[in-house]
Amino acid sequence: MAKFPDDGGRTNLASCLVATAFLLLVVAAAAAALFVLFRPRDPEIQVSAVRLPGFAAANGTLRFTFDQYASVRNPNRAAFSHYDSTLQLGYAGNQVGFMFIPAGQIAGGRTQYMAASFAVDSFPLAAVPPAPGGTVEVDSRMRVKGRVRVLRFFTHHVKAVADCRVRVSSADGSVLGFRC
């Protein structure tokens with residue numbers, strides 16, 4: 001009777017190495033798929049309208065109420081919790097209006113519509129002469145900051161900013177156009 005050499009230790013080692021390599025490959029593929037599917041992205045802000053009701057210009061000063069309508073879209077699969085968000089209004093490099101945006105949450109893949117309205121105290125127009133055609137330009141900056149929790153374990157901080165330049169008629173306060 002012929003006796004075969006005993007190589008059971010080598011085959012067991014080879015089987016363990018192949019199984020370990022396969023498990024590492026499966027774990028790497030799963031991690032890559034999770035990163036592609038659940039990669040956190042910044043929210044998107046789209047300003048849809050700007051109005052200035054209650055406009056008054058007198059003695060070289062300007063006073064009005066500023067209304068801005070925007071939509072914030074959460075492109076993530078997970079909910080986006082926003083906090084520490086603001087809307088700022090500037091004229092000639094100076095801040096003339098400011099408002100905190102209340103904290104909230106936007107579900108994954110959803111859009112939330114936001115309306116902001118605040119009174120702007122009178123400020124002098126003498127710092128920068130009005131643009132040709134009797135227009136005044138103000139800058140609006142909406143900043144939304146928050147976090148996205150991926151798989152309830154990983155937290156990523158994200159933010160979005162929408163900078164807009166608004167042209168206003170200095171005669172009656174009508175918005176002639178805005179560019180974001």
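Annotations for the structure displayed:
- Scanning region 159-180 for residues that are within 17 Å of LEU87 (Cα to Cα) and either in a strand (DSSP E or B) or of a type in the set (Ser, Thr, Tyr) (or both) yields LYS159, ALA160, VAL161, ALA162, ASP163, CYS164, ARG165, VAL166, PHE178, ARG179.
- For region 75-106, the candidate set comprises residues that are open to solvent by 30 Å² or more (accessible area, probe 1.4 Å) and not in a strand (DSSP E or B); within that set, the residue that is farthest from LEU125 (Cα to Cα) is ARG77.
- Filtered residues of region 30-60 (kept if modelled with pLDDT of 90 or more and open to solvent by less than 60 Å² (accessible area, probe 1.4 Å)): PRO43, ILE45, VAL47, ALA49, VAL50, LEU52, PRO53, PHE55, ALA56
- Selected residue (criterion: nearest to VAL150 (Cα to Cα)) from residues of region 61-74 that are surrounded by 17 or more Cβ atoms within 10 Å (Cβ to Cβ) and either in contact with an Asp or Glu (Cβ under 9 Å, 6 or more places away or on another chain) or not polar (S, T, N, Q) (or both): ASN74
- The residues of region 126-142 that are part of a strand (DSSP E or B) and modelled with pLDDT of 65 or more, listed by number, are THR135, VAL136, GLU137, VAL138, ASP139, SER140, ARG141, MET142.
The values are calculated or read from the model by the stated rules, or taken from the named source; none is laboratory data. Values in this document were obtained by computation on a predicted structure and should not be read as measured data. Backbone-built Cβ (ideal geometry, glycine too); neighbour counts: all protein chains shown. Protein only, heavy atoms only, side chains kept; ligands, DNA and RNA dropped before computing areas. Shrake-Rupley method; radii C 1.70, N 1.55, O 1.52, S 1.80 Å.
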